[in-house]
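The values are calculated or read from the model by the stated rules, or taken from the named source; none is laboratory data. Values in this document were obtained by computation on a predicted structure and should not be read as measured data. Quick reminder, even Gly has a Cβ in these numbers, built from the backbone with ideal geometry, and neighbours come from all protein chains shown. Accessible surface is based on the protein model in full, side chains and every heavy atom, while ligands, DNA and RNA are left aside. Shrake-Rupley method; radii C 1.70, N 1.55, O 1.52, S 1.80 Å.
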Amino acid sequence: MAHQAGLPQFAIEARGLAKTYAASKKMPAKQALKGVDLAIPRGSIFGLLGPNGAGKSTFINILAGLVNKTSGSARIWDLDIDVNPRQARAAIGVVPQEINMDPFFTPRESLDLMAGFYGVPAAERRTDEILDALGLGDKKDAYVRQLSGGMKRRLMVAKALVHTPPILILDEPTAGVDVELRRQLWEYVRKLNAEGVTVVLTTHYLEEAQEMCDTIAIINRGEVIACEATSSLLRRLNYRTLVVRPETELASPPEGLSGLDLEMRKDGSFAITYRTGETSIEKLIARLHEAGIGIGDLSTEEPDLEDVFLALTAA
Ligand code: ADP
Ligand code: MG
């Protein structure tokens, strides 16, 4: 990406970011981040992908100023969060994982409060524009407690945008969200990105990261184990598994299928794992015919997040 004058190359940069939560009555001590280095290019839709408990929210909450880091450093829009905490935080809008809002304010009031918090002058506020864009135009003066779950989540996004931050961070934005809202949300996020907003989203769904993000970092147990263009990450996962249930159960791995990566399963089926560029389902079926194996049932399996980890952590 070309480096434009005055604009940072990276929207967010973390160096050796670590967090150990102290033990509390509710939870034991936990090393949630173990020295995370991450550089998020300006202009990207960046996915932070990892299973529950990987440390995604901890990372986001340190940037948002909600969690104190134990060590390391972070820069937001080239501003160090220790040196310029207020300015650094003004450069991000964070939509937290949990919906938390005051039930006694209307969406309009919520946004005005937020704008006041960020010191946005009344004349520069975009309250109506933002609420309209998020499909809350006819709910501006309703009480928050009268909004559906999906509307509340959209209001959270709206609140994160009142100060027109160049970076929008969404922490598990589609958890508990229906298909239609998800589609709307992604459409809006893409529009913001097209207008120049850098978007960071966390998810534990490979599919979601794959669909939305141009770059994906994978975090597991507090460590980043990969960070690369989505296309190159997916190239590493160019394999599928064909599961075959033979018409008559086989006592041992079928002969005549040598050279294939084949595994017998407990239910009497066997699984053939193959690279998509190297062979195809048609060719594999032809080989089964040649080997005289009648096919009772066929299905395919695609790699999931678990497989990504295995692929990435394999020596
Ligand atoms: P993710 O968002 O990827 O699901 P989190 O950042 O929420 O992961 O949590 C990372 C780890 O830190 C988890 O093991 C979680 O239980 C632990 N953790 C999170 N918050 C606290 C806390 N306040 N006190 C102790 N442990 C915590
Ligand atoms: Mg989380």
Fill in: Top-ranked residue of segment 29-45 - restricted to ones that are touching a Phe, Trp or Tyr at 6+ places or on another chain (Cβ under 9 Å), part of a strand (DSSP E or B) and hydrophobic (A, V, I, L, M, F, W, C), ranked as nearest to ligand 2 (Cβ to nearest atom)
32
Response to the item:
Those residues of segment 126-159 which are within 12 Å of residue 107 (Cα to Cα) and in a loop (DSSP other than H, G, I, E, B) amount to 134, 135, 136, 140, 141, 142, 143, 147
Worksheet entry | Search result, residues across segment 172-190 that are crowded, with 17+ Cβ neighbours inside 10 Å and either outside the structural domain of residue 99 (by TED's automatic domain parsing) or charged (D, E, K, R) (or both) | 172
Worksheet item: For residue 11, are the conditions met, namely being part of a strand (DSSP E or B), surrounded by 14 or more Cβ atoms within 10 Å (Cβ to Cβ) and at negative phi?
Response: yes
Item to complete: Might you check whether a residue that is at pLDDT 95 or above, open to solvent by 60 Å² or more (accessible area, probe 1.4 Å) and assigned by TED's automatic domain parsing to the domain that holds residue 168 occurs anywhere in segment 90-97?
Response: no
Discussion item. Report every pair of residues separated by at least 6 positions or lying on different chains whose Cβ atoms are under 6 Å apart, first residue within segment 158-173 and within 16 Å of ligand 1 (Cβ to nearest atom), second among the β-branched types (Val, Ile, Thr) and open to solvent by 10 Å² or more (accessible area, probe 1.4 Å).
Written reply: 169/94
Discussion item. I need the full set of residues from segment 251-270 which are within 13 Å of residue 288 (Cβ to Cβ) and open to solvent by less than 50 Å² (accessible area, probe 1.4 Å), in order please.
Written reply: 254, 257, 260, 262, 269, 270
Item to complete: Tell me, yes or no, whether segment 166-180 has at least one residue that is of a type in the set (Ser, Thr, Tyr) and at pLDDT 90 or above.
Response: no
Worksheet item: Restricting to segment 46-77, what's the tally of residues that are more than 14 Å from ligand 2 (Cβ to nearest atom), at negative phi and open to solvent by 10 Å² or more (accessible area, probe 1.4 Å)?
Response: 6
Worksheet, complete the sentence: Scanning segment 197-210 for residues that are away from ligand 2 (no atom under 16 Å from the Cβ) and assigned to a strand (DSSP E or B), the one farthest from residue 9 (Cα to Cα) turns out to be 199
Worksheet entry | Qualifying residues in segment 24-45 (those that are of a type outside the set (S, T, N, Q) and open to solvent by 70 Å² or more (accessible area, probe 1.4 Å)) - the one nearest to the chain's Cα centre (by Cα) | 37
Worksheet, complete the sentence: Scanning segment 160-196 residue by residue, those more than 14 Å from residue 134 (Cβ to Cβ) and either assigned to a strand (DSSP E or B) or among the hydrophobic types (A, V, I, L, M, F, W, C) (or both) turn out to be 167, 169, 171, 175, 179, 194
Worksheet item: Do you know which residues across segment 267-279 are under 13 Å from residue 250 (Cβ atoms) and outside any strand (DSSP E or B)?
Response: 267, 268, 269
Item to complete: Considering only residues that are among the hydrophobic types (A, V, I, L, M, F, W, C) and over 13 Å from residue 161 (Cα atoms), look in segment 87-129 and name the one that is farthest from ligand 1 (Cβ to nearest atom).
Response: 123
